[in-house]
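Student: Take this structure, written in structure tokens, and hold onto it; I'll ask about it next.
The values are calculated or read from the model by the stated rules, or taken from the named source; none is laboratory data. Note that the structure is predicted; figures quoted are calculated from it, not measured. Cβ placement follows ideal geometry from the backbone for every residue including glycine, while neighbour counts extend to all protein chains displayed. Quick note on the areas: whole protein, heavy atoms, side chains included, nothing else; ligands and nucleic acids left out. Shrake-Rupley method; radii C 1.70, N 1.55, O 1.52, S 1.80 Å.
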Amino acid sequence: MKIIVTGGAGFIGGNFVHHIVNKYPDYDIIVLDKLTYAGNLETLDPVMDKIKFVKADIADREAVYKLFEETKPDIVVNFAAESHVDRSIEDPEIFLKTNILGTQVLMDACRKYGIKRYHQVSTDEVYGDLPLDRPDLFFTEETPIHTSSPYSASKASADLLVQAYYRTYGLPVTISRCSNNYGPYHFPEKLIPLMIANALADKPLPVYGEGLNVRDWLYVEDHCRAIDMIIHSGRVGEVYNIGGHNEKTNIYIVKKILELLGKPESLITYVTDRKGHDLRYAIDPTKIHNELGWLPQTMFDEGIVKTVQWYLDNKPWWENIISGEYQDYYEKMYGDR
Ligand code: NAD
Ligand code: TYD
């Protein structure tokens, strides 16, 4: 099998490349990544001799067609995206370009050169949010699309386009919509790695609003296994929700990280809330469980311990990242919040 993994130098894509290299040593793996601020080749260091890496933009039609012509992939898994909600609120345009037009270019290449499977890595954020006082409600695959941020709107637009290419052109597609991931190689602008990095530096931990928003956290390896199952056994044209009933408030997570690192809760600083901040995400994973037998293997209390340990053991990886342009980003986002 030849598989193109776009966005493979990012958090989840990188973990997925590690997963595929280890599980399918006979596969040809090609990683296509633009190496934006969120892409990091060091994430691929341990597997670099087992993959081919191509630096390109998924929205660059010429570069994408050239790669497809040269490699004739069987499977394309599209992780490449602008992925941070806060950045999308500041400047939506690149989100539309990469997340929507990039998806279109990839699918056009799949049509032109032929493909066994195109898989779109999407998010539960396309369903909008759930109220905090209705713990009985969950996102199913039938929940209407109802987006809140420019990020989620761009991901939802891409999903609709993927479904249109299935219906109109018969492109063999699948879509997965996963809840919040955490684990190794997570870029420190996102909640969990940001709080770990700040706590280790004894810096304030900026909690938005009252910290009561709820996310449904999934250990990244569980997400990778789910995508592996979908691309090999999932039904063409279908959407699969991925999440493992690990709902936590943000403040619970921040306090847990402080406890694990032996740091004081006085580091917690409540800051101005995110605009349009989604209240609660919670996935019903019945479909992927019934059809493909997927279940999460790592529950939050175990996964967060492993994650904190990974950040302690891999300081050079993230210290490198937060020493560069990240400082300007941090000042802009949190300076006078
Ligand atoms: P990330 O920001 O860590 O990584 C994104 C990667 O895509 C980076 O390597 C970046 O260089 C690359 N990239 C960005 N624009 C590109 C372009 N135009 N062309 C080629 N490469 C480009 O993101 P992530 O958290 O790993 O998310 C991966 C995918 O999973 C995204 O599609 C995201 O929407 C989805 N997702 C993420 C989560 C989560 O909790 N992080 C949850 C559900 C779904
Ligand atoms: P994030 O990791 O950005 O993921 P998403 O917005 O895609 O769910 O944020 C997770 C939650 O943590 C979200 O409710 C916003 C909150 N948050 C903070 O309270 N402080 C922060 O500095 C960040 C980055 C996020």
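Student: Can you name the number of the only condition in (1) part of a helix (DSSP H, G or I); (2) modelled with pLDDT under 95 that Ile230 fails?
Tutor: Result: Ile230 passes all but (2).
Student: Whether any residue in region 41-51 is open to solvent by 50 Å² or more (accessible area, probe 1.4 Å), within 20 Å of the chain's Cα centre (by Cα) and among the basic types (Lys, Arg) is what I want to check.
Tutor: No: region 41-51 contains no residue that is open to solvent by 50 Å² or more (accessible area, probe 1.4 Å), within 20 Å of the chain's Cα centre (by Cα) and among the basic types (Lys, Arg).
Student: When the residues of region 89-110 are narrowed to those that are more than 18 Å from the chain's Cα centre (by Cα) and of a type in the set (D, E, K, R), which ends up nearest to Thr168 (Cα to Cα)?
Tutor: Asp108
Student: Let me ask you something else. Considering only residues of region 182-196 that are more than 8 Å from ligand 2 (Cβ to nearest atom) and open to solvent by 10 Å² or more (accessible area, probe 1.4 Å), which is farthest from Gly324 (Cα to Cα)? Lay out the reasoning, then the answer.
Tutor: First, pick out the residues of region 182-196 that are more than 8 Å from ligand 2 (Cβ to nearest atom): 182-188, 193, 196.
From the residues that got through so far, the ones that are open to solvent by 10 Å² or more (accessible area, probe 1.4 Å) too are 184-187.
Numbers: Pro184: 20, Tyr185: 17, His186: 16, Phe187: 13 Å.
Out of the qualifying residues, it is Pro184.
Student: Continuing with this model, one more query. Can you report the number of residues in region 238-264 which are touching a strand residue (DSSP E or B) at 6+ places or on another chain (Cβ under 7 Å) and within 16 Å of ligand 2 (Cβ to nearest atom)?
Tutor: Number satisfying all stated conditions: 11.
Student: With the requirement that a residue be in a helix (DSSP H, G or I) and open to solvent by less than 10 Å² (accessible area, probe 1.4 Å), what does region 1-33 give you?
Tutor: Gly13, Gly14, Phe16, Val17, Ile20 - these are the residues of region 1-33 that are in a helix (DSSP H, G or I) and open to solvent by less than 10 Å² (accessible area, probe 1.4 Å).
Student: Tell me which residues, restricted to region 13-29, are more than 24 Å from Phe187 (Cβ to Cβ) and in contact with a Lys or Arg (Cβ under 6 Å, 6 or more places away or on another chain).
Tutor: Matches in region 13-29: Asp28 only.
Student: Out of the residues in region 248-292 meeting the condition of being within 21 Å of the chain's Cα centre (by Cα) and free of Cβ contacts under 8 Å to residues at least 40 places away in the same chain, tell me which one is nearest to Val220 (Cα to Cα).
Tutor: His289
Student: Just checking: which of the helices (runs of 4 or more DSSP H) contained wholly in region 76-188 hold 3 or more residues that are under 17 Å from Leu32 (Cβ atoms) and without any contact (Cβ under 8 Å) to a residue 60 or more places away in the chain?
Tutor: 102-113
Student: Restricting to region 1-42, count the residues that are of a type in the set (A, V, I, L, M, F, W, C), farther than 20 Å from Ala56 by Cβ and touching a residue at least 40 places away in the same chain (Cβ under 8 Å).
Tutor: Filtering region 1-42 for residues of a type in the set (A, V, I, L, M, F, W, C) gives 1, 3-5, 9, 11-12, 16-17, 20-21, 29-32, 35, 38, 41.
Checking the rest, the ones that are also farther than 20 Å from Ala56 by Cβ come to 1, 21.
After this cut, where a residue has to be touching a residue at least 40 places away in the same chain (Cβ under 8 Å) as well, the list is 1.
Qualifying residue count for the region: 1.
Student: Which of the residues that make up region 198-216 are crowded, with 21+ Cβ neighbours inside 10 Å and more than 9 Å from ligand 2 (Cβ to nearest atom)?
Tutor: Ala199, Asp216, listed by residue number.
Student: Please give the number of the condition Tyr165 fails out of (1) within 9 Å of ligand 1 (Cβ to nearest atom); (2) in contact with a Lys or Arg (Cβ under 8 Å, 6 or more places away or on another chain).
Tutor: Every listed condition holds for Tyr165 apart from (1).
Student: Identify the residue in region 218-236 that is open to solvent by 10 Å² or more (accessible area, probe 1.4 Å) and farther than 15 Å from Leu292 by Cβ and, among all such residues, is nearest to ligand 1 (Cβ to nearest atom).
Tutor: Per the criteria, the residue is Tyr219.
Student: Report whether or not Tyr27 is within 16 Å of ligand 2 (Cβ to nearest atom) and not charged (D, E, K, R).
Tutor: The answer is no for Tyr27.
Student: Specify the residue that is farthest from ligand 1 (Cβ to nearest atom); the eligible residues are those in region 8-55 that are closer than 14 Å to Phe79 by Cα and in contact with a Leu (Cβ under 8 Å, 6 or more places away or on another chain).
Tutor: By that ranking, first place goes to Ile30.
Student: Given (1) touching a residue at least 12 places away in the same chain (Cβ under 8 Å); (2) acidic (Asp, Glu); (3) closer than 22 Å to Trp317 by Cβ, where does Asp49 come up short, assuming only one miss?
Tutor: (1)
Student: Okay, next question. Mind counting the residues in region 227-269 that are in contact with a Gly (Cβ under 7 Å, 6 or more places away or on another chain) and not hydrophobic (A, V, I, L, M, F, W, C)?
Tutor: 3
Student: Out of all the residues in region 62-75, which are buried (at least 16 other Cβ atoms within 10 Å of the Cβ) and either within 16 Å of ligand 2 (Cβ to nearest atom) or part of a helix (DSSP H, G or I) (or both)?
Tutor: Passing the criteria: Ala63, Val64, Leu67, Phe68, Thr71.
Student: Within region 225-247, work out how many residues are in contact (Cβ under 8 Å) with a residue 24 or more places away in the chain and more than 30 Å from Pro131 (Cβ to Cβ).
Tutor: Count: 9.
Student: Name the residue that is farthest from Arg167 (Cα to Cα), counting only residues in region 189-227 that are of a type in the set (D, E, K, R), part of a loop (DSSP other than H, G, I, E, B) and within 17 Å of the chain's Cα centre (by Cα).
Tutor: Ranking the qualifying residues of region 189-227, first place goes to Glu189.
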